[in-house]
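S.K.: Encoded as C-alpha cells, here's the structure I'll be asking about.
Read the figures in this text as sums done on the coordinates, not as results from a lab. Please read all numbers here as calculations on a predicted model, not as lab measurements. Don't worry about glycine lacking a Cβ; one is built from the backbone with ideal geometry, like all the others, and counts go over all protein chains shown.
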Amino acid sequence: MTHGALATLLLGSTLTFNALAQSWPAKPIRVVVPFPAGGGTDLIAREVGNKVVSNTKWTFIYDNKPGSGGNIGVDAIAKAAPDGLNLVIGQTSNLAINP
C-alpha cells in the first residue's frame with residue numbers, strides 16, 4: 001500500500017467520528033389509553049410516563065380513547081403510522097384476547 005493511499009484511508013476513518021446521530025424522538029410520543037381519563041389505567045400510564053420523562057426528557061402526549069371495552073384505543077394504534085412514536089397502555093383483555 002502506498003503512503004498516499006494509507007494517508008487517505010486514515011483521514012477517511014477519522015472523519016466518521018464527527019458524524020452525529022439524530023436525536024430521537026424528533027416528535028412527541030403519543031400514548032393512547034383505551035379507557036376514560038382519571039381511571040386506573042390512565043393514572044398508571046401517566047405515572048409511568050412521568051418516570052420515563054424524568055429520566056429521558058422525552059415528551060408524551062396522552063390520548064384517552066375509551067369505548068368498546070378498550071378496543072377503540074387499541075384499534076387506533078393498530079392503524080397508526082408505524083413510526084415508533086405511538087404506544088398503547090392496555091389490559092390483557094385488550095392486547096391478547098382482542099388482537
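S.K.: Plugging the Kirkwood radius over Cα pairs into Stokes-Einstein for region 26-97, at a temperature of 20 °C and a viscosity of 1.002 mPa s, what D comes out in µm²/s?
M.R.: Stokes-Einstein gives a translational diffusion coefficient of 173 µm²/s.
S.K.: Which FRET efficiency value, to the nearest 0.05, is calculated for Ala26 and Leu95 with the Förster distance at 30 angstrom and r the Cβ-Cβ distance? Provide the component values of the computation, followed by the final result.
M.R.: On the way: r = 27 Å, r/R0 = 0.90.
Calculated value: 0.65.
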